[in-house]
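Input: a single structure, listed below in structure tokens.
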Amino acid sequence: MSTYALVTRASAAEVTEAVRVGKIGGYVVDDPLGTIVLFDSPGRTYSSTDRLARPARAVVARTMRTAVLLLCDEFVAEALVLSGAGELALQWSAGWEPPADPARYLADRQEWDAYCAEVATLYERPDRAAALAMVRNDPVPGEDRTALPDLLRRVCALLDLPDNAVGRSLLDGGDPGLYDARRVEAEPPAGRWQRWLART
């Protein structure tokens, strides 16, 4: 089950208005921990992270609240922190194998820890840096590897965001699968359409 969802601390009313005046509609869900947005599929078999992030960036720009775009399929999971100050992404792959060489492994962990500190700071929760750095899917002998959706759930828990957005996506169909999901159609300002019609 794929994931394509924006989670934010902005209110459902703010987010609903941001989606309404944007270019892509979807479903908005008011959750005790924040707001979830399931954007409509861009209509292509394959879409890059950049393309999928466009409507999320528009919501962040309109609400002026930092948010996290959750993306996941069977191979890769990504938590993209979107802020007016920039963007940073945490990524995990299903077949990840850490370096076997102890020195290289230590260097890799130090880089990851430092990067997670940057991500936590961008999200305005620098106190969560160490905990965020522990969200890894390194193989452990005798234990099952952490599933990619579970990594996203951990990120949501650490950032106090609704984790029930994980496993939800309109890329696979039109059912949001979330209780009380409200449909919001994109209705861009009329002037935008008038400029487009004038060019055609």
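Here are the numbers for the structure shown:
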| read-out | value |
| --- | --- |
| Translational diffusion coefficient (Stokes-Einstein; Kirkwood radius from C-alpha pairs) of region 44-104 at 10 °C, 1.306 mPa s, in µm²/s | 119 |
| Size-normalised alpha-carbon gyration radius of region 1-159, reference 2.2 N^0.38 Å | 1.08 |
| Most positive-pole-ward Cα, VAL76, GLY22, LEU159, against dipole of the chain from beta carbon charges | GLY22 |
| Backbone HN-Hα couplings from phi across region 21-28 [Karplus 6.51/-1.76/1.60, Hz, Gly and Pro as x] | 8, x, 9, 10, x, x, 10, 10 |
| For region 1-86, radius of gyration divided by Kirkwood radius, i.e. Rg to Rh on alpha-carbons | 0.94 |
| Gain upon complete extension [TYR179, ASP127; 0.36 nm per residue less C-alpha separation] | 15.5 nm |
| Value at 222 nm in deg cm²/dmol, rounded to 500, when DSSP H runs of n ≥ 4 in the chain each add -39,500 (n - 2.57) | -11000 deg cm²/dmol |
| Summed side-chain charge close to GLY86 - residues other than GLY86 whose Cβ falls under 13 Å, Lys, Arg +1, Asp, Glu -1 | -2 |
| Net dipole in debye of the chain [+1 Lys, Arg Cβ; -1 Asp, Glu Cβ; about Cα centre; nearest 20] | 1000 |
| The chain, relative contact order [Cα under 8 Å, separation at least 6], % | 30 |
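Read-outs: derived from the displayed coordinates by stated rules, not from any lab. All values derive from a computational prediction rather than experimental measurement. We place every Cβ from the backbone using ideal geometry, glycine too, and count neighbours over all the protein chains shown.
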